[in-house]
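Undergrad: The structure follows.
The values are calculated or read from the model by the stated rules, or taken from the named source; none is laboratory data. Note that this is a predicted model, so its numbers are computed, not measured. Glycine also receives a Cβ, built like all others from the backbone with ideal geometry; neighbour counts cover every protein chain displayed. Surface areas here come from the heavy atoms of the whole protein model, side chains and all, with no ligands, DNA or RNA. Shrake-Rupley method; radii C 1.70, N 1.55, O 1.52, S 1.80 Å.
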Amino acid sequence: MGIYTDVMFNLSGAVVTTLTAMNFGVGAVAGAYSPQLNGRLLKVVIHLVPQAASSLAEHGRYEMSQTNWKPNIIRFWGPGFGLPTVAGRGSDGNQRTHEFVIDQPVQTDWPITGQAAYVGTAPVTPTGIIVGTFNG
């Protein structure tokens, strides 16, 4: 057993204002993510990143669900970024990273569903990336 990280979900350029299925892993196809090993999902890190100087995403809502979890749906809310050309928005190129400790059981045959929405923010080409830290 050991600790490992994996990209669970991503969604780039989508202007979604209602919950929308995220792409699983590093691919470009919406779908469920399956852990590499049985064990526990210890932590989730959400990266909210602009794609261009005209990008905008003031905040994002992310949900992950799995029928064997308690609770079955885990919701995350993360502050975003204004226009990347605005000074003082962040020394990291306007990327916003948010960590959440969740400690939920995972199995390779228990797919996890991920969804994202940028509700009420008039989003323009944001990128959301969900990275999980696992003990398996």
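Undergrad: Which FRET efficiency, nearest 0.05, do A122 and K70 yield, Cβ-Cβ r, R0 41 Å?
TA: With R0 = 41 Å, the Cβ-Cβ based efficiency is 0.70.
Undergrad: Can you tell me the relative contact order of the chain? Whole percent, Cα pairs under 8 Å, sequence separation 6 or more.
TA: Once normalised by length, the contact order is 47 percent.
Undergrad: May I ask you to list the residues of segment 34-66 whose amide nitrogen lies under 20 Å from a point 7 Å from Cα along the Cα→beta-carbon direction of M1?
TA: Under cut-off, by backbone N: 35-44.
Undergrad: What does the charge dipole of the chain about its Cα centre add up to, to the nearest 20 debye, if the Cβ of each Lys and Arg holds +1 and the Cβ of each Asp and Glu holds -1?
TA: The dipole of the chain has a size of about 160 debye.
Undergrad: Taking 30 Å as R0, compute the FRET efficiency from the Cβ-Cβ separation of A32 and L83 and round it to 0.05.
TA: Efficiency computed from Cβ-Cβ geometry: 0.35.
Undergrad: Using modelled backbone amide H atoms (1.01 Å from N, in-plane), which distant-in-sequence or interchain residues come within less than 5 Å of G80's amide H?
TA: H59, G60
Undergrad: Restricting everything to alpha-carbon atoms, can you work out Rg to Rh for segment 1-90 with a Kirkwood hydrodynamic radius?
TA: Here Rg/Rh amounts to 1.00.
Undergrad: Please compute the per residue accessible area over the chain with all protein chains in place, 1.4 Å probe, rounded to a whole number of Å².
TA: Value for the chain: 48 Å² per residue.
Undergrad: Compute the FRET efficiency between A52 and V101 as 1/(1 + (r/R0)^6), taking r as their Cβ-Cβ distance and R0 = 22 Å, and round to the nearest 0.05.
TA: Given R0 = 22 Å and the Cβ-Cβ separation, E is 0.10.
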